[in-house]
Amino acid sequence: MSTKPVGTNQKLTDRQDNWWIEPLWTVISLGAFGIYTMYVAISETHFLYEGGGAHYLSPFYSVPIPGVHYENLSWLPFSPAFLFLWIPLGFRATCYYYRKAYYRAFFWDPPACAVPELKKTGYTGERAFPFILNNLHRYFWYLSLPVVAFLWYDAFRAFFFSNGAGGYQFGVSVGALVMLAGVLLISYYTFSCHAWRHIAGGCLNCMSKHKTRYGLWQRITHINEQHGFWAVVSMFGVWGVDLYIRLCSMGVITDIRFF
């Protein structure tokens, strides 16, 4: 990869390492996840697996309204996935970690440390549309809470299998464990968020007088230090859960039930 801007003899950077690998990986991973998400949402197929009495629902189709499921939304002129998919996507798009990632990878603004921007334009920060919407991050966090709660319900539901007589029995299977792992990763990402950390410990003049909030703030800070890690692995977790359910529904793989 050339380190010189097109049409100039000026060197872009003196860095000798492969600094372009990280933004390239970001473009590939985020781009692939975005394409996969749109395909899943539009296709409206293989998002539910009910073989052997199981009930595995894709996180892309989880509806965070008690008592309302995809069966009740068949009248919609569009995929029910779009009803709430904008919430987790908006939460991630406005996330501090993801903003850093896509600013560097897609806009080269700048592409890496000690590597200048390709264009010299006036700096506007996040005051112009659409980037001003990034200031809504904390509100997307609020909206994400019922989504996470319903994902926990779906994971809990996955451990109960229909016995064919109108009842259910507890069981453990690969699919149930996959769904549990997925929602755990999403929860770590959601509750390591800077917005949640600020809610827990912000606006306090003296933390020693608010020991409960200070203790909560300390615990959040501990996982907040790995927020970028949880952002990446939770994204692949969502991808993996949906893919597992999809492959089971298509008959490509067989779900293993331990008991």
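The figures follow:
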quantity: Residue among R138, R127 that is modelled with pLDDT of 90 or more and of a type outside the set (G, A, S); calculated: R138
quantity: Selection count, the stretch 38-58, where residues are part of a helix (DSSP H, G or I) and among the aliphatic types (A, V, I, L, M); calculated: 4
quantity: Candidate set: the stretch 9-25, residues that are aromatic (F, W, Y) and open to solvent by 50 Å² or more (accessible area, probe 1.4 Å); chosen: the one modelled with the highest pLDDT; calculated: W25
quantity: Within the stretch 239-259, considering residues that are in a helix (DSSP H, G or I) and aliphatic (A, V, I, L, M), the one nearest to the chain's Cα centre (by Cα); calculated: V241
quantity: V252 vs. criteria aliphatic (A, V, I, L, M), touching a Lys or Arg at 6+ places or on another chain (Cβ under 9 Å) and open to solvent by 70 Å² or more (accessible area, probe 1.4 Å); calculated: yes
quantity: Subset of the stretch 26-54 [open to solvent by less than 40 Å² (accessible area, probe 1.4 Å), of a type in the set (S, T, N, Q) and farther than 19 Å from R99 by Cβ]; calculated: S43
quantity: Verdict on Y188 being under 25 Å from Y139 (Cβ atoms), open to solvent by 50 Å² or more (accessible area, probe 1.4 Å) and among the hydroxyl-bearing types (S, T, Y); calculated: yes
quantity: Close pairs from the stretch 129-150: first farther than 15 Å from Y189 by Cβ, partner of a type in the set (K, R), Cβ under 9 Å, at least 6 apart; calculated: F131/R99; N134/R99
quantity: Filter result (assigned to a helix (DSSP H, G or I) and surrounded by 19 or more Cβ atoms within 10 Å (Cβ to Cβ)) within the stretch 171-185; calculated: G175, A176, V178, M179, G182, V183, L185
quantity: Residues (open to solvent by 60 Å² or more (accessible area, probe 1.4 Å) and at pLDDT 80 or above) located in the stretch 61-87; calculated: P77, F78, F82, W86
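Condition check ((1) part of a loop (DSSP other than H, G, I, E, B); (2) within 12 Å of the chain's Cα centre (by Cα)) across all residues:
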position	(1), (2)
G166	yes, no
Q169	no, no
S192	yes, no
R197	no, no
Y214	no, no
H222	no, no
G228	no, yes
V232	no, yes
G237	no, yes
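The values are calculated or read from the model by the stated rules, or taken from the named source; none is laboratory data. Because the structure is a prediction, the values reported are computed rather than measured. So basically every Cβ, Gly included, is an ideal-geometry build from the backbone, and we count neighbours across all protein chains shown. Just so you know, the surface numbers come from the protein's heavy atoms only, side chains and all, with ligands and any DNA or RNA stripped out. Shrake-Rupley method; radii C 1.70, N 1.55, O 1.52, S 1.80 Å.
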